[in-house]
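Below is one structure, written out as structure tokens; the observations come after it.
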Amino acid sequence: MMQDIDPVQKKYSVAVHYMRLLFDYLQRKNYPVSQFLAEINLAPDLFDRPNDRVDFQTFNQACHLLQDKFKQPNLGITLGQLVTTGHLGPHGFALMTCANAREVMQQNIHYSALTIDAGSNIFERHGKEYIRYWKSNLSGDQPLGKLQDELHQASYVTLSRQLFNRQDLSPLWVSFQHEQPEDISEYNALFRCPLIFNAKDTAIGFHEDFLDYPLPSSNESVHLVMSDLRQQLLKQLGNHLEPSWLAVARKAIIESFQLGGLTFDELAQQTDFTVDELKTEMLRHHLNFRHFVDEIRQSLAMSYVRNPQLSLVEIAFLLGFSEQSAFQRAFKRWTGKTPKEYRSFNT
């Protein structure tokens, strides 16, 4: 049985795309997702509404129910190793486009709440070490608990190895506030570094050199637009989050500009929809394909023009215009200013 939810905690929530992590785990256990949704009193059509959020207490209790059901005392470690950038939604896709680990760190500080806002990432420098603290946002200094701390520590290391394509990456040390479990073999296998239990903070230490590690999937143009998107999402946090397929669609469209663009059918393939399914989804979100592409090109153009290191010829090429004059006409239509006027006003 799910426990009653403390009204004080209702302001904290988890994105549905992150909740999917639990159901990926259930599928590995061959346990019906629909049955589990009924057990935690969530509607069976939850994933038909990917822009929704789930109360944090509901998510936390669901995690503990899985832990008890499958008798897995260190479930957070297991779940954390299943995490992919897709579970983080738009924030995850944006992390993939960062230039280096320093940028990833900065993005995590500002945008991790888009995935889960019950905790915060705080980074501090101590000598040649950088320390990432995972701090509870719950009222009265309530801890997030062993399971959530395990999950976030494990997912941070797992995602770092994915983002940098470096399975040999390991932190200098990892600390937890909870007592040492009887069996820490899963901890040792994952973290491959000294472990500290009964610590003051839930934290991870890493060498300062790590901040300069480049990301193989770095893409500045995609990153600029994704940053704008996450700023918008932060403003609406607590209401609705944009479905993650839109982030995939934006990324595909941006990357197609220098290759001549893409058709609606090609976009459907990129987003794992049939053509009819994508039409339905776009109608549901009041989107028109041509206008959608134009808005993305406009947003990217404004970001590029604010960068004085890019010439107008280069910008026109990056946005897929055949000539600079066509870009200038489009920009005047979008903003009411020429690119030169806009750059002078915004730099």
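Number of residues in the stretch 53-68 that are among the charged types (D, E, K, R) and either without any contact (Cβ under 8 Å) to a residue 24 or more places away in the chain or buried (at least 19 other Cβ atoms within 10 Å of the Cβ) (or both) equals 2.
In the stretch 88-128, the qualifying residues are those that are among the hydroxyl-bearing types (Ser, Thr, Tyr), within 13 Å of the chain's Cα centre (by Cα) and not in a helix (DSSP H, G or I), and the one that is modelled with the lowest pLDDT is Thr97. Against the definition (within 18 Å of Ile253 (Cβ to Cβ) and over 29 Å from the mean Cα position of the chain (by Cα)), how does Ala330 come out, yes or no? Considered against the rule, which asks whether it is within 18 Å of Ile253 (Cβ to Cβ) and over 29 Å from the mean Cα position of the chain (by Cα), Ala330 comes out as yes. Selection of first residues in the stretch 304-330 that are touching a residue at least 60 places away in the same chain (Cβ under 8 Å) and of second residues that are crowded, with 18+ Cβ neighbours inside 10 Å, restricted to Cβ pairs under 6 Å at least 6 apart or on distinct chains, gives the following pairs, ordered by first then second residue: Tyr304/Ile315; Leu319/Phe257; Leu319/Arg297; Leu319/Ala301; Gly320/Phe257. Once the stretch 125-150 is narrowed to residues that are closer than 20 Å to Gln81 by Cα and of a type in the set (Phe, Trp, Tyr), the residue that is surrounded by the most Cβ atoms within 10 Å (Cβ to Cβ) is Trp134.
The values are calculated or read from the model by the stated rules, or taken from the named source; none is laboratory data. All of these numbers come straight from a predicted model, not from anything done at the bench. For neighbour counting, all protein chains shown are included, and Cβ atoms are generated from backbone atoms with ideal geometry for every residue, glycine included.
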